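> A single structure is presented below for examination.
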Amino acid sequence: MFGAPQPVTASSTPLVPLPRRPLDPSGASGQVRRWYENELGWPTVPGDPLRLPVGVRYDVLDVPADAGHAALRRLASGSPVALHGGRMLLLVAAGSAEELPGLLEWLDWGALSLDLVAIGAGGLLEAPSPPVPHGERAVPHGERPVPPASGSRTAAPCEAGAPPAPWGRVGSQGAAVWLRPPEPGCEVEASLPTLSALGGGGDAPDLVRLVNTVATQCHRVRLMRACAQPPAVRAQGR
């Protein structure tokens, strides 16, 4: 009565798109967060871009990159250092930001305007991209590299004389990157400059020497920039 069933052909069936693969919450951005939280034991702030709370395990000295490079010799080999645009971010012992004004006064730098900023408790730091392991492909612009897994051969060795791992210039222009990345499995506090190292022997990271070196270089950079300006501009700035 109804006739023979007709075969179903591709032309008589509407095209239905295949279901999309759900977004992987454990993608590259999640792995970067886990690298900070699990590999380093550093707290992070929810949200994107990934940020790190300062004042918990470390404070930060934010200085011109030129001044920071001159101060690298005052740091222990395992002391983390990051670059952000034309600025260098030096990690120092937690609580150092509160000590900085008095320390500058004691070092006779308090009366000068220095391009030196201390970030302490309550501050936030844009999380620098983790170092790119040796042999990994170049990371396309706008992506973050995937950090090495714990126990991997490419993980940075926890040795005082170990060279810094390579770091990737990723993200938007001016994004923070590690110059001397932190080492998974190492307690960062032991490598940070602190006031308690004042008068200590050996290569103990000394906050006083570091701040004095950075302040001296900041002053030199300021003088060089002033001398490079036309005379009329220098006269207006007096």
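The values are calculated or read from the model by the stated rules, or taken from the named source; none is laboratory data. A quick note: this is a predicted structure, and the numbers were derived from the prediction, not measured. Every residue, glycine as well, gets a Cβ built from its backbone with ideal geometry; the counts of neighbours run over all protein chains shown. Calculation scope for accessible area: heavy atoms of the full protein, side chains included, ligands and nucleic acids excluded. Shrake-Rupley method; radii C 1.70, N 1.55, O 1.52, S 1.80 Å.
> Against the condition modelled with pLDDT of 90 or more and either open to solvent by 50 Å² or more (accessible area, probe 1.4 Å) or closer than 22 Å to T213 by Cβ (or both), how does L107 come out, does it pass?
So L107 fits the description; yes.
> In the set A175, A215, which member is in a loop (DSSP other than H, G, I, E, B), surrounded by 13 or more Cβ atoms within 10 Å (Cβ to Cβ) and modelled with pLDDT of 70 or more?
Criteria check complete, one pass: A175.
> State the number of residues belonging to region 98-132 that are touching a Gly at 6+ places or on another chain (Cβ under 7 Å) and of a type in the set (F, W, Y).
Here the count works out to 0.
> Further question: Mind listing whichever residues of region 84-103 are open to solvent by less than 30 Å² (accessible area, probe 1.4 Å), touching a residue at least 60 places away in the same chain (Cβ under 8 Å) and not polar (S, T, N, Q)?
If the condition is that a residue be open to solvent by less than 30 Å² (accessible area, probe 1.4 Å), touching a residue at least 60 places away in the same chain (Cβ under 8 Å) and not polar (S, T, N, Q), then M88, L89, L90, L91, V92, A93, L100, L103 are the ones that fit.
> Of all residues being hydrophobic (A, V, I, L, M, F, W, C) and open to solvent by less than 60 Å² (accessible area, probe 1.4 Å) in region 196-212, which is modelled with the lowest pLDDT? Just the residue, please. So that I can check it myself, show each step before the final result.
Residues of region 196-212 hydrophobic (A, V, I, L, M, F, W, C): 197-198, 204, 207-208, 210-211.
With open to solvent by less than 60 Å² (accessible area, probe 1.4 Å) added as a condition, the list becomes 197, 204, 207-208, 210-211.
Details: A197: 62, A204: 49, L207: 93, V208: 92, L210: 93, V211: 94.
Ranking the qualifying residues of region 196-212, first place goes to A204.
> Name the single residue, out of those in region 72-83 being in a helix (DSSP H, G or I) and not hydrophobic (A, V, I, L, M, F, W, C), that is least open to solvent (accessible area, probe 1.4 Å). It would help to see each step written out before you state the result.
As a first pass, look at region 72-83 and keep what is in a helix (DSSP H, G or I): 72-74.
Those left that are additionally not hydrophobic (A, V, I, L, M, F, W, C): 73-74.
On the way: R73: 172, R74: 83 Å².
The extreme case among them is R74.
Residue-by-condition table, conditions (1) under 28 Å from M224 (Cα atoms); (2) in contact with a Phe, Trp or Tyr (Cβ under 6 Å, 6 or more places away or on another chain); (3) at pLDDT 95 or above; (4) of a type outside the set (A, V, I, L, M, F, W, C):
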| position | (1), (2), (3), (4) |
| --- | --- |
| A97 | yes, no, yes, no |
| L116 | yes, no, no, no |
| L124 | no, no, yes, no |
| P130 | no, yes, no, yes |
| P140 | no, no, no, yes |
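> When region 46-71 is examined, which residues are found to be open to solvent by 30 Å² or more (accessible area, probe 1.4 Å) and either without any contact (Cβ under 8 Å) to a residue 40 or more places away in the chain or within 17 Å of S191 (Cβ to Cβ) (or both)?
Passing the criteria: P46, G47, D48, V56, R57, H69.
> Going through R238, R169, R234 one at a time, which residue ends up being loosely packed, with under 11 Cβ neighbours inside 10 Å, at pLDDT below 75 and of a type in the set (K, R)?
Result: R238 is the single residue among R238, R169, R234 that is loosely packed, with under 11 Cβ neighbours inside 10 Å, at pLDDT below 75 and of a type in the set (K, R).
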